[in-house]
1. With a sphere of radius 11 Å drawn around the Cβ of I175, what net charge do the other residues whose Cβ falls strictly inside it have (Lys, Arg +1; Asp, Glu -1)?
2. If each residue's Cβ is checked for other Cβ atoms within 10 Å, how do K88, K52 rank with the fewest at the top?
3. So what is the relative contact order of the stretch 137-244, in percent, for Cα pairs below 8 Å that sit 6 or more residues apart?
4. Out of residues 5 or more away from G145 or on other chains, whose amide H comes under 5 Å of its own, with H placed 1.01 Å from N in the peptide plane?
5. Using θ = phi - 60° and the Karplus curve 6.51 cos²θ - 1.76 cosθ + 1.60, what whole-Hz ³J(HN,Hα) does each residue of the stretch 222-233 get, with Gly and Pro shown as x?
6. Short version: ³J(HN,Hα) in whole Hz for each residue of the stretch 194-206, in order, from phi by Karplus 6.51 cos²θ - 1.76 cosθ + 1.60 (θ = phi - 60°), x for Gly and Pro, what are they?
7. Please state the shape class of the stretch 137-244: rounded when a/c is under 1.5, otherwise prolate if a/b exceeds b/c and oblate if not, all from the C-alpha gyration tensor.
8. Hey, what do the phi angles of the stretch 145-152 turn into as Karplus ³J(HN,Hα) couplings, whole Hz, using 6.51/-1.76/1.60 and θ = phi - 60°, x for Gly and Pro?
Amino acid sequence: MKLFFNLFSMILFFLDNGVSAVGSDVVSVSVKEGDSVIFHTGVKTNQQEDIKWYFDDTRIAQISGDLSHKCTDVQCEDGDERFRDKLKLDSQTGSLTIMNITNSGVYELKIISSTSSSEKIFNVIVNGVSNPERDEIQTKSVKEGEYVTLESERTKKQNDEMMWYFNETLIAEIIGDQSKICTDEQCKERFRDRLKLDHQTGSLTITDTRTTDSGLYKLQITISDSSFSITVAKRFTVTVIDSGLSSAAVAGIVIVVLLVAAAAVAAGVVYCRRRSRAAVPQSDEDVNNSPRNPEDIALSDTEHP
């Protein structure tokens, strides 16, 4: 009983003084080749920790608490060419981003401070995909004035983040329960209330399409977990075909045609009235003695060139 009491007292002492035992967690991650992955540390650096990342026992990234030493891939002493220009290290948390991931294996995180140390292991399986699948761009073609829907082919979950880009410019996003469409003036001017987001799937619909809507659209989906985040992308090429005339132009032409027709009818009525007056019977005396009407001369000259 006394031994138990002493052990319990020691544990309380260590906890009160901020000293913790070495801990190790194992997280399994399955991704597709070409995806981007963020491995979260779950901490915020307080300028006292050293954070090191390893792939199959080879150090690929490191950051010291005071930022005096930071390196990724080949910048590290035992860096790995396989990760050249693929790694990003968050200066605030030490979280590691791997872009266009291709390497399956064990990624290990070590956090070391003056009072504690911890480890986290990410067992990553990268599922290969064919080149056509990796580079796939869906093609959409629509006539000007019609609508087009770009499908996410996914049911949105609570922690998902969905970002839509047009020619690399952000035009719409859904984060949690919040959504935004066209937050800058250029986007508002271009699409002007013609973008619709499906909050269940994240699919984007463009209404009343115009030829200027043609281009590359990209959907970026970030699927988040407490230990990691996976970002996948879908691309669409949209072509808006010029129908020749927009609906507004057609309506304008119809109005012009109606006005021309009305003017033609009015001119015809005036012409008939003048002809009827010219055709009234006259006596020989009237014909011989009355001066010729200039309009009659014009009509006569027109009828008998």
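Where a number appears in this text, it was derived from the coordinates with a stated rule and is not lab data. Remember, predicted model here, so these are calculated numbers, not experimental data. Ideal geometry is used to build each Cβ from the backbone, glycine not excepted, and the neighbour counts take in all protein chains shown.
1. Summing Lys/Arg as +1 and Asp/Glu as -1 gives -2.
2. K88, K52
3. Reported relative contact order: 39 percent.
4. Distant-sequence amide H within range of G145: T209, R210.
5. Karplus-based 3J(HN,Hα) across the stretch 222-233 equals 10, 9, 10, 10, 5, 9, 7, 9, 10, 10, 10, 10 Hz.
6. With the stated coefficients, the stretch 194-206 comes to 10, 9, 10, 10, 8, 6, 7, 10, x, 5, 10, 10, 10 Hz.
7. Prolate, because a/c is 1.5 or more and a/b exceeds b/c.
8. Using θ = phi - 60°, the values come out as x, 8, 10, 9, 10, 9, 8, 7 Hz.
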